[in-house]
Amino acid sequence: MALAKKKIKKVVLAYSGGLDTSAIIPWLKENYEGCEVIAFCADVGQGDEELEGVKEKALASGASACYIVDLKEEYVKEYIYPILKTGSVYEGQYLLGTSMARPIIAKAHVEIALKVGADALCHGCTGKGNDQVRFESCFAALAPELTVIAPWREWDMVSREDLLDYLAERDIPCSASLTKIYSRDANAWHISHEGGELEDPWCEPSKEVWTMTVDPMDAPDVPEKVQLSFIAGELVAIDGKDFSGSEKGAGAYDALMYLNDKGAAHGVGRIDIVENRLVGMKSRGCYETPGGTILMAAYKGLETLILDKESLKYRESIGLEFSHVIYDGRWFTPLAKAQLASAASFAEKLTGDVVVKLYKGMAQVIQRRSPNSLYSEAFATFGADDVYDQKHAEGFIRLFSLSSRITALSQNGSLKDLEK
């Protein structure tokens, strides 16, 4: 039986109010006869402008209801902060802004579907991107009994022109037009930009690409310092202001917004990368993550003060592996749970203060302190000290390099002479 002919009584659509999902609502009703369509919109901090009028748009397009779920605080506290503790950076640069939002959106999507008694989930992801894998992997882990409908893998529309014509034929209002150049995705952590001139990796991004941060060339000529305070790996204060959640309206989301404003004003957090998509192709994108860049720099600055060499090395290996876990959409897996727990165990000692200097696109750690610091001036000083006898280094080096010494003696024939 073809999927398009499968009997679906009620479907919950992940709805944004954009061109794709505006077309999906009537398409579902036409292709799944008798199907009730319910729209679901996740507020993960993409901004009031994107959410304005979204419910009215969904109902005008044919949805029977529209649920807008505020996930902002949970997103930062339960997803961004734990990922921060892993130190995850995908392919050396990308702070995973799009991919880290997908698990919480998928979870809320499933919760709404179960609440209203739906028998299907629907998303507007294309068949070329990463998000189809991320969402559907989460769906499989949370509610495998629900059917998943992906219109871009079913319908014969292939362009924005096709979608606009489809809506026009049905007199469904849509603010989208053919003049849209870039594809953008925003949440509290970042905004991404793809399309337009960015499809040519030799083409430098124009000023029109960037929407969140000041051009570093136009940023203030005077640097600004920001002090971040952590307790057990959790950000609790910035510049002396409590963001621990103990005060009404001053929690994790507010902390990130504060850092976003600070970083954006100084052009912090811009990257232009060509990345490897999960589906096999490369894509070029520009990302703006001002607050996240500051937060990551501060956290790693504190780690260098507190974690010993082997612990930091292992935490870095977790970060490398987890960057692929989260990028690939494997949040709800035993592997992810184990890696997050391991990173959290290292974070237990991460208490202290870090000062980050912001200046023309840079976020540089310039001060750090902690009651759990392993740094000792008495040991590290180049001056006279009473705790370290430099003569002891000779025996350590001889044992440390013993395998190299034996290899060299073996190669030049001297080892056999020693064994006689």
Seminar exercise, completed: With the 8 Å Cα cutoff and a minimum separation of six or more residues, the chain has a relative contact order in percent of 17 percent
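Of the beta bridges DSSP finds with both residues in the range 91-231, what % are antiparallel, to the nearest 5?
Numbers: 5 of 8 bridges.
For the range 91-231, the DSSP antiparallel bridge percentage is about 60.
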Problem set entry | CD proxy at 222 nm, helix term only [per DSSP H run n ≥ 4: -39500 (n - 2.57); per residue of the chain; nearest 500] | -11500 deg cm²/dmol
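Tally the DSSP beta bridges in the range 1-155 and give the antiparallel ones as a percent, rounded to 5. Please report the intermediate quantities before stating the final value.
Working: 1 of 18 bridges.
If we restrict to bridges inside the range 1-155, about 5 percent are antiparallel.
Report the local net charge at D353: Lys and Arg +1, Asp and Glu -1, summed over other residues whose C-beta lies under 15 Å from its C-beta.
Numbers: positive: K225, K241, K300, K349, K357, R368, R369; negative: E234, D239, D242, E303.
Around D353, the surrounding residues sum to +3.
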Exercise. Relative contact order for the range 212-363 using alpha-carbon pairs under 8 Å, separation at least 6, rounded to a whole percent?
Worked result: 38 percent
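Relative contact order of the range 1-59: what whole-number percent is it, with Cα pairs under 8 angstrom and at least 6 residues apart? Write down the numbers at each step before the final one.
On the way: 60 pairs, mean separation 24.4, N = 59.
Relative contact order here is 41 percent.
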Exercise. What net charge is computed for the residues neighbouring G319, neighbours being all others with C-beta under 14 Å from the C-beta of G319, Lys and Arg scored +1, Asp and Glu -1?
Worked result: 0
Problem set entry | Burial ranking of peptide ranges 99-109, 219-229 (average Cβ count within 10 Å, highest at the top) | 99-109, 219-229
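Using 27 Å as the Cα-Cα cut-off, could you pick out the over-long pairs in K77/K349; K262/K313; K29/K72; K10/K77? Walk me through the numbers before you get to the answer.
Working: K77/K349 19 Å; K262/K313 31 Å; K29/K72 31 Å; K10/K77 32 Å.
K262/K313; K29/K72; K10/K77, as the Cα separations exceed 27 Å there.
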Exercise. Can you give the angle from 0 to 90° between the axis of helix 334-347 and the longest principal axis of the chain, with both taken from C-alpha atoms, to the nearest 10?
Worked result: 50 degrees
Seminar exercise, completed: A student applying the Cα gyration tensor rule (rounded when a/c is under 1.5; otherwise prolate if a/b is larger than b/c, oblate if not) would label the range 205-280 oblate
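Please list 278-284, 355-361 highest first by mean number of surrounding beta-carbon atoms within 10 Å per residue. Don't skip to the end; give the middle numbers.
On the way: 278-284: 13.0, 355-361: 19.7.
Ranked from most to least packed, the peptides come out as 355-361, 278-284.
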Exercise. Just G233, G245, G267 to compare: in a GNM of the chain, with alpha carbon springs under 10 Å, which one fluctuates most?
Worked result: G245
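Could you please put S244, S22 in sequence from largest to smallest accessible area, using a 1.4 Å probe? Don't skip to the answer; put the middle values down first.
Working: S244 50, S22 5 Å².
Reading off the accessible areas and sorting them downward yields S244, S22.
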Exercise. If Lys and Arg each add +1 and Asp and Glu each add -1, what is the summed charge of the other residues whose beta carbon sits under 12 Å from the beta carbon of D119?
Worked result: +2
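The values are calculated or read from the model by the stated rules, or taken from the named source; none is laboratory data. Quick caveat: nothing in here was measured; it's all calculated off a predicted structure. With ideal geometry, Cβ positions are generated from the backbone for all residues, glycine too; neighbour counts draw on all protein chains shown. Surface accessibility is based on the protein's heavy atoms, side chains included, excluding ligands, DNA and RNA. Shrake-Rupley method; radii C 1.70, N 1.55, O 1.52, S 1.80 Å.
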